[in-house]
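Shown next, in structure tokens, is the structure this report addresses.
Each reported figure results from applying straightforward, stated rules to the coordinates on display, with no laboratory input. All values reported here derive from a predicted model rather than from experimental measurement. Cβ placement follows ideal geometry from the backbone for every residue including glycine, while neighbour counts extend to all protein chains displayed.
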């Protein structure tokens, strides 16, 4: 997915930092191509995640020790960038292919809308507290400026909010809903916006964090209950913990260079789950590094926040289901 990193040597994994969550624990055994989009679904107390390239959606329960208990895996046609629960609906909303789709518990998929241009695909996505679904798109050839950010409103309307992005990735909001964060992995920047919750409007775009090239590139992120940011660093084998003003507070290291997304999950929302990838690897490389491409967990003393659901207005959503 990120060709601009392929030419440089992957960052080496270094152990040790000052937080309580010291040891990454593998929570899966199967290697993923591009594990992403980890979320906590409070409706069923399940961890949701995807493998973008494989087109897989995974549902897992979290055991008392934090290990994952598989519930079901759905195999979709094409790519799937992100998943979120839906209020008043047993299924999930997907950012998949070139648009949005509804996934039912039985595995059936129905299209909602197609928004992305030819030669692009949906990437990461998340809902704000008002139930709007925000999703980034990226060009298949990953050229700079080929990405965009879309907003699917509760009434079913879709708007392109930002253009001229490269690889829009992690999306999150401050606990008070007045600040939105957006990763653009191409230039390795986490942007901060002033957010107007009533209209779902962004303004005053500023670069909050720039990750050095020799460290990696920011990918998925989550915002904890205190408002701190946790950002998976692709190519760096780590999750960086930042304050709301962009100061690096700490780093958690994983035994897989392609760390892609992170989210707090479990009944107490205190276990940080981290997805990783083996993107563009050969089978020989995967066999040589069996720790890559797995989901890892860190037991922390931090409380996170669950995924906000999509909250569709009844009229158009009911008609869509017919």
Next item on the list: Determine the gain in length on full extension of the stretch residue 54-residue 140; use 0.36 nm per residue of separation and subtract their C-alpha separation, reporting nm with one decimal.
Entry: 29.4 nm
Item checked: Förster-model FRET efficiency, 25 Å R0, residue 199 and residue 316, C-beta, rounded to 0.05 -> 0.80
Check: Between residue 110 and residue 65, what is the spin-label point distance in nm, taking each point 7 Å from the Cα along the Cα→C-beta axis?
Finding: 4.3 nm
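Given a Förster distance of 30 Å, report the FRET efficiency between residue 213 and residue 288 from their Cβ-Cβ distance, rounded to the nearest 0.05.
Values: r = 25 Å, r/R0 = 0.84.
For residue 213 and residue 288, the calculated efficiency is 0.75.
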Notebook entry, point to check: What whole number of Å gives the distance from the Cα centroid of the range 162-241 to the Cα centroid of the range 48-76?
Noted result: 24 Å
Next item on the list: Kindly give the semi-axes, whole Å and largest first, of the ellipsoid equivalent to the chain, taking each as the square root of 5 times a Cα gyration tensor eigenvalue.
Entry: 27, 22, 20
Checklist line | Contact order relative to length of the range 193-322, as percent, for alpha carbon pairs under 8 angstrom and 6 or more apart | finding: 17 percent
Item checked: Global geometry of the range 227-312, whether rounded, prolate or oblate, following the gyration tensor of its Cα atoms and the 1.5 cut on a/c -> prolate
Margin query: Can you tell me the length gained on complete extension of the stretch residue 280 to residue 130, counting 0.36 nm per residue apart and subtracting the Cα distance?
Written below: 50.3 nm
Check: From the square roots a ≥ b ≥ c of the eigenvalues of the alpha-carbon gyration tensor of the range 267-318, which class results: rounded (a/c under 1.5), prolate (a/b over b/c), or oblate?
Finding: oblate
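Tell me the relative contact order for the chain as a rounded percent, counting alpha carbon contacts under 8 Å between residues six or more apart.
Normalised by residue count, the contact order of the chain is 20 percent.
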